[in-house]
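Reading through the structure tokens given below for one structure.
Every read-out reported here was derived from the displayed coordinates using simple, explicitly stated rules and does not represent laboratory data. Computed from a predicted structure; not experimentally measured. Reconstructed Cβ throughout: ideal geometry from the backbone, glycine too, with neighbour counts over all protein chains shown.
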Amino acid sequence: MASSTTVELPQFKGRPGWEFTDLSELDLGTYTSAAVARDGGVGELWSLKDPELPAGVTVAVDGDVTTVTVGRNVVLEQPISLTAVQSEGGTLVNQRTRIVVEEGAQAEVWEQFLSAADDLDGIFNITTELVVGDAAHLRYVCGQGLSERSWVFGAQKGTVGRDGSLDWVALGFGSHSGHVLMETRLAGEGADARVTGAYATRGRQHIDFDTTQEHAAPNTTSDLAFRGVLQGRSSAVWKGNIIVDPGAQKTDAFQESRNLLISKRAHADAIPGLEIQANDVRCTHAAAVAQVDPEQLFYLRSHGLPEETAKRLVIEGFLSALVERFPAGPVRETLADTLERRLQLILAR
């Protein structure tokens with residue numbers, strides 16, 4: 001009889017959810033707690049005029065917690081702009097934002113997280129809670145343009161009530177490394193969520209997004225699209241999951257992640273996932289990582305365009321698919337301008 005040997009079962013050696021983000025360089029003991037500054041003006045991603053708040057709308061700041069409340073059936077005509085700036089190096093800041101849009105109300109909130117200096121070394125910890133009431137609508141635009149020496153960590157969650165809708169835009173341009181968790185929960189029947197993400201990295205930046213679309217009620221819809229442009233030796237991770245809870249019939253969910261590598265050393269991982277516990281649903285996903293198409297470049301250059309101009313046009317066309325998710329108007333124009341300025345910066349090297 002042949003002898004037998006016992007082999008141990010494979011063991012997972014990483015930390016679930018952190019497989020692609022290296023924290024070995026992070027020493028929390030070297031950072032001291034600090035508050036954020038509320039004034040902008042330093043490396044702003046965008047500039048919005050503060051509206052006059054109508055009755056039923058409040059913006060309250062208590063330490064590092066900002067709370068926006070839009071009362072029942074109130075329609076906010078102009079977006080609310082929030083800016084948090086990390087002003088000191090060697091510090092850790094905790095920024096919590098809670099936005100509540102009550103039943104039948106409509107609002108738009110733009111929030112940006114910035115560093116006071118391009119070389120600031122810090123940790124920015126973000127907690128965001130979005131509560132969209134029944135038949136209410138919220139558009140939330142969140143962008144981080146932190147120093148490329150900073151760490152960013154985020155836990156963001158949106159909950160949408162019956163017949164409510166959430167339009168969530170996430171822009172990741174800054175930071176050295178980190179991890180951002182984005183969860184959308186469609187809690188009421190007829191709820192809808194649209195999530196749009198964009199990132200453009202350079203040097204040795206690392207971006208990590210972990211998204212969840214949870215359908216907890218029947219007849220709900222979600223549409224998530226992330227696109228990234230990577231230069232230098234930068235890297236990006238997008239891991240997405242669609243969850244359909246038991247009883248959430250007639251769910252319609254889609255997710256995609258597409259990455260364009262504009263240097264040979266850039267790297268991206270796109271990992272879609274499905275967790276379906278209902279039998280009458282439509283859930284689809286798509287993921288792609290590619291370099292600039294040489295045939296497209298050849299076509300443009302054959303029409304007399306210089307190589308750099310041709311390459312830029314291809315990249316702009318790749319990002320325009322995100323901008324076109326929005327109808328013509330201020331939001332679309334602001335997003336297009338923000339992406340254009342970031343693209344100029346990463347292509348300058």
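Tabulated results
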{"quantity": "Most positive-pole-ward Cα, Val160, Gly232, His137, against dipole of the chain from beta carbon charges", "calculated": "Gly232"}
{"quantity": "Kyte-Doolittle at least -1.0, axis length at least 18 Å by Cα - qualifying DSSP helices, the chain", "calculated": "307-323, 330-347"}
{"quantity": "Matching label, mean projected area of the Cα convex hull in nm² computed from the structure shown, candidates (1) 23.4; (2) 16.6; (3) 28.2", "calculated": "(1)"}
{"quantity": "Theoretical ellipticity at 222 nm over the chain - DSSP helices of four or more residues, -39500 (n - 2.57) apiece, nearest 500", "calculated": "-4000 deg cm²/dmol"}
{"quantity": "Gaussian network model of the chain, Cα within-10 Å springs - most flexible of Thr309, Thr58, Thr21", "calculated": "Thr309"}
{"quantity": "Charge dipole magnitude, Cβ of K and R +1, D and E -1 - the range 76-205, Cα centre, debye nearest 20", "calculated": "400"}
{"quantity": "Estimated FRET transfer efficiency (Arg204, Val7; beta-carbon r; R0 35 Å; 0.05)", "calculated": "0.35"}
{"quantity": "Computed over the chain: relative contact order in percent, which uses C-alpha pairs under 8 Å that are six or more apart", "calculated": "10"}
{"quantity": "Computed magnitude of the charge dipole of the chain (debye, nearest 20; Cβ of K, R +1, Cβ of D, E -1)", "calculated": "820"}
{"quantity": "Theoretical FRET efficiency, 1/(1+(r/R0)^6), r = Cβ-Cβ of Asp293 and Lys157, R0 30 Å, to 0.05", "calculated": "0.20"}
{"quantity": "Rough spin-label spacing in nm, given labels placed 7 Å along Cα→Cβ, for Glu19 and Thr67", "calculated": "4.0"}
{"quantity": "Net length gained if the chain between Asp27 and Leu274 were fully extended (0.36 nm per residue, minus Cα distance)", "calculated": "85.4 nm"}
{"quantity": "Extension gain, Arg233 back to Glu307 (0.36 nm per residue minus Cα-Cα distance, nm)", "calculated": "24.5 nm"}
{"quantity": "Protection-proxy order for peptides 174-183, 336-345, each taking the mean of Cβ atoms within 10 Å per residue, highest first", "calculated": "174-183, 336-345"}
{"quantity": "Approximate spin-label separation Leu347-Ala60, in nm, with each point projected 7 Å along Cα-to-Cβ", "calculated": "4.7"}
{"quantity": "Whole-Å distance, taken between Cα centres, linking the range 320-345 and the range 60-88", "calculated": "23"}
{"quantity": "Lys250/Ala286 FRET efficiency (R0 30 Å; Cβ-Cβ; nearest 0.05)", "calculated": "0.85"}
